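As structure tokens, the structure follows; a few thoughts come after it.
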Amino acid sequence: MKKYKLLLIVIIEFSCIRSNAQDLALHSQNSQRLIIGSREDSSKSKNTKYFIAYDFGEAAFNKFKSLGSEIGVRFKNDHLLRLAYTNLHLSEEHLSSNFAKAVDGEKVKGKQVGYEVFYDFPVFAKGLYVSPSMGYYTHEYQHTQLDEQLNNSSFTFGSAISYTETDLFKIKGLYYRFSIPLRFHLTPIEETQLGDTTINSNTFDNSICFFIGYEF
């Protein structure tokens, strides 16, 4: 009788060990699937992406008489390479405002056309970027009553600080970028008189950009 009890105990123990081994194997397979799935999702999210956007920042300052945009690529390491294009019709109010301080006086309007390349890399917090930049800008100033004008073209170098958020309103790829470029002109405008209005030197300038676009 003791032998049968011992045999029964051995059978029960063996069944328990076998069941636990099967559970362990199943758990291991599920864990591997989760890891593989996570890696695949991560790999998909880290793919190189392209984007295009319109700049509402400078447009708002100039009654939307402008075209500002950016196109670029986001690399797998989250670095960005951007080309920004600016074609602004600068109003009298904007040029003489405390923000722009481009002219002292009235009756002068302007135009700014430029291309600028940025290489953004993330710093500190998610979505925050800094970047070196190089560009080429043309400025035109025209007196509204006199036949006097000033034209200037220059290469620029500088930097920018930007903040970006993606998937706005849970729409995949929709993003905004708030950016403040700071630039030095290698051939700056010298202080010039157009009638009674003074065109100030522009050795250094900056702008405020608010891009809204789509990443795909």
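The values are calculated or read from the model by the stated rules, or taken from the named source; none is laboratory data. All figures in this text were calculated on a predicted structure; none of them were measured in a lab. Please note: Cβ atoms are built from the backbone with ideal geometry, for glycine as well, and neighbour counts cover all protein chains shown.
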Next item on the list: Search the range 156-212 for residues being free of Cβ contacts under 8 Å to residues at least 24 places away in the same chain and on the phi > 0 side of the Ramachandran plot, and hand back the single one that is surrounded by the most Cβ atoms within 10 Å (Cβ to Cβ).
Entry: Asp167
Notebook entry, point to check: Among the residues of the range 167-178, is there at least one that is touching a Gly at 6+ places or on another chain (Cβ under 7 Å) and of a type in the set (A, V, I, L, M, F, W, C)?
Noted result: no
Item checked: Phe178 at pLDDT 95 or above, of a type in the set (A, V, I, L, M, F, W, C) and farther than 25 Å from Lys49 by Cα -> no
Notebook entry, point to check: If Ile189 passes every condition in (1) of a type in the set (A, V, I, L, M, F, W, C); (2) at pLDDT below 95; (3) closer than 17 Å to Ser69 by Cα but one, which one does it miss?
Noted result: (3)
Margin query: I need a count of the residues in the range 108-138 that are in contact (Cβ under 8 Å) with a residue 40 or more places away in the chain and in contact with a helix residue (DSSP H, G or I) (Cβ under 7 Å, 6 or more places away or on another chain).
Written below: 1
Item checked: Top-ranked residue in the range 141-159 [being over 31 Å from the mean Cα position of the chain (by Cα) and of a type in the set (A, V, I, L, M, F, W, C); ranked as farthest from Ser201 (Cα to Cα)] -> Leu146
Checklist line | the range 70-96 residues that are in the same structural domain as His139 (by TED's automatic domain parsing), paired with ones that are part of a helix (DSSP H, G or I) and of a type outside the set (A, V, I, L, M, F, W, C) (beta carbon under 8 Å, 6 or more apart) | finding: Thr86/Glu58; Leu88/Glu58
Notebook entry, point to check: Taking Glu58 and the conditions (1) among the acidic types (Asp, Glu); (2) within 20 Å of His185 (Cβ to Cβ); (3) at pLDDT 95 or above, which numbered condition does it fall short on, given that it satisfies the others?
Noted result: (3)
Next item on the list: Report, by residue number, each residue of the range 72-98 that is within 23 Å of Gly127 (Cβ to Cβ) and touching a Gly at 6+ places or on another chain (Cβ under 9 Å).
Entry: Leu80, Leu81, Arg82, Leu83, Ala84
Check: Of all residues in the range 113-128, how many are touching a strand residue (DSSP E or B) at 6+ places or on another chain (Cβ under 8 Å) and over 24 Å from Asn87 (Cβ atoms)?
Finding: 5
Check: Can you tell me how many residues in the range 99-117 are within 14 Å of Asn202 (Cα to Cα) and touching a Gly at 6+ places or on another chain (Cβ under 9 Å)?
Finding: 2
Checklist line | Hits in the range 76-122 - residues which are surrounded by fewer than 21 Cβ atoms within 10 Å (Cβ to Cβ), hydrophobic (A, V, I, L, M, F, W, C) and under 13 Å from the mean Cα position of the chain (by Cα) | finding: Leu81, Leu83, Val117, Phe121
